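Data first, discussion second: the structure below is written as structure tokens.
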Amino acid sequence: MSDFVTMERRGGEQPCPWALASLKDLSEKERAAVAWIVAEAVMRQRCGPVVKAFAAWRSFKLSGTALSDVGQQLVTAFAEPVFKPSKATEVPQGVPGHVGEWLWYLLALESADVAARG
């Protein structure tokens, strides 16, 4: 993930330094790669130990073939609580924040000081 992100360390003189991560200046293919990495991580976590649900989602996304009724029910059960809008005309609430948190989490996993955080 860090190959796609420009990181700027900020607040070094402050008690709590921070970093600004930016995805600007990415090509369409690079943005698609970032989206896939985040989506796959989110769905892997959402599906947890239900390997069949994650496999159904992944197969559908990679092949584009329709899910069976059972597959659709499985995937929906895990994805809907996070991604379903409350009304048909709304953008799902919380999705940008959820995706942003996952992006940051995946970046943090690649950080050199990850062992010091545990």
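The values are calculated or read from the model by the stated rules, or taken from the named source; none is laboratory data. As the structure is a computational prediction, the values presented were derived from the model and not from experiment. Every residue, glycine among them, receives a Cβ derived from its backbone with ideal geometry; neighbour counts consider all protein chains shown. The accessibility values were calculated without ligands, DNA or RNA, using every heavy atom of the protein model including side chains. Shrake-Rupley method; radii C 1.70, N 1.55, O 1.52, S 1.80 Å.
At-a-glance table
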{"read-out": "Candidates Ala35, Ala41 - the one that is open to solvent by less than 30 Å² (accessible area, probe 1.4 Å) and not aromatic (Phe, Trp, Tyr)", "value": "Ala41"}
{"read-out": "Among residues of region 64-76, those that are part of a helix (DSSP H, G or I) and in contact with a helix residue (DSSP H, G or I) (Cβ under 7 Å, 6 or more places away or on another chain), counted", "value": "3"}
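Condition check ((1) at pLDDT 90 or above; (2) not in a helix (DSSP H, G or I)) across all residues:
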| residue | (1), (2) |
| --- | --- |
| Glu8 | no, yes |
| Gln14 | no, yes |
| Ala21 | no, yes |
| Leu26 | yes, yes |
| Arg31 | yes, no |
| Ala39 | yes, no |
| Ala53 | yes, no |
| Arg58 | yes, no |
| Leu62 | yes, no |
